[in-house]
Amino acid sequence: MHFTINGQSHQAEVDIRTSLLDLLREHLSLTGSKKGCDHGQCGACTVLVNGRRINACLTLAVMHQDDDIVTIEGLGRPGDLHPLQDAFVRHDGFQCGYCTPGQICSAVAVLDEIKRGVPSHVQADVSAKPQVTNMELRERMSGNICRCGAYSNIADAMAEVAGA
Ligand code: FES
Ligand code: FES
């Protein structure tokens, strides 16, 4: 199979049942995406596919051969951090760091969703443009679990990057 991940081409000969997460971690050594639950409960495996966040553990790699896949490794690097990575560091948005790659990939997509006007469950008026409020960020990030409980600092980091 052929994939485009973080702007680079990758070939892999894998079982047709391989999840996108296992492809990344076990076959391409892109171990930034984490496996917390392996069944869509924790968000640690969140990656961006064609600009949208998905749980890589819940989708088959074979379905994404024509897609543009971005993992935490593609967002930034030491010395050249993505603004959200930088904000997470400054706001103490993590402790053990296990959930962090998924949190950051999800946060990138959340800020884009708000900018595009995608409504959320906590909006009083779903036809209005969503605002970057604490409740809005918490609701949209609710699929990303952090056992260390860094939620408040994650929301602060996101609010800063969103200019709120
Ligand atoms: S590992 Fe995919 S949601 Fe938990
Ligand atoms: S920083 Fe430890 S689980 Fe989130």
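The values are calculated or read from the model by the stated rules, or taken from the named source; none is laboratory data. These figures come from a predicted structure and were not determined experimentally. Because the Cβ atoms are built from the backbone with ideal geometry, glycine has one as well, and the counts that use them run over all protein chains shown.
Being at pLDDT below 95, in contact with a Pro (Cβ under 6 Å, 6 or more places away or on another chain), more than 16 Å from ligand 2 (Cβ to nearest atom) and not charged (D, E, K, R) is a condition met by no residue of segment 77-93. Restricted to segment 1-12, and to residues there that are of a type in the set (A, V, I, L, M) and surrounded by fewer than 20 Cβ atoms within 10 Å (Cβ to Cβ), the residue that is farthest from residue 118 (Cα to Cα) is 12.
So which residues in segment 105-135 are farther than 19 Å from residue 42 by Cα and either assigned to a helix (DSSP H, G or I) or within 16 Å of ligand 1 (Cβ to nearest atom) (or both), if there are any at all? Selection gives 111, 112, 113, 114, 115, 116, 134, 135. Flag: residue 57 matches the condition of being in contact (Cβ under 8 Å) with a residue 24 or more places away in the chain and of a type outside the set (S, T, N, Q). Within segment 60-88, if we keep just the residues that are within 16 Å of ligand 1 (Cβ to nearest atom) and surrounded by fewer than 18 Cβ atoms within 10 Å (Cβ to Cβ), the residue that is farthest from residue 4 (Cα to Cα) turns out to be 60. Name every residue in segment 13-48 that is more than 9 Å from ligand 1 (Cβ to nearest atom) and surrounded by fewer than 14 Cβ atoms within 10 Å (Cβ to Cβ), in order of residue number. Answer for segment 13-48, where residues must be more than 9 Å from ligand 1 (Cβ to nearest atom) and surrounded by fewer than 14 Cβ atoms within 10 Å (Cβ to Cβ): 13, 15, 16, 17, 29.
Looking only at segment 49-59, residues that are more than 6 Å from ligand 1 (Cβ to nearest atom), within 13 Å of residue 22 (Cβ to Cβ) and either charged (D, E, K, R) or surrounded by 15 or more Cβ atoms within 10 Å (Cβ to Cβ) (or both) come to 2 in all.
Would you check if residue 143 is touching a residue at least 40 places away in the same chain (Cβ under 8 Å) and either under 22 Å from residue 37 (Cβ atoms) or under 12 Å from the mean Cα position of the chain (by Cα) (or both)?
Numbers: touching a residue at least 40 places away in the same chain (Cβ under 8 Å): yes; either under 22 Å from residue 37 (Cβ atoms) or under 12 Å from the mean Cα position of the chain (by Cα) (or both): yes.
When the stated conditions are applied, residue 143 passes them.
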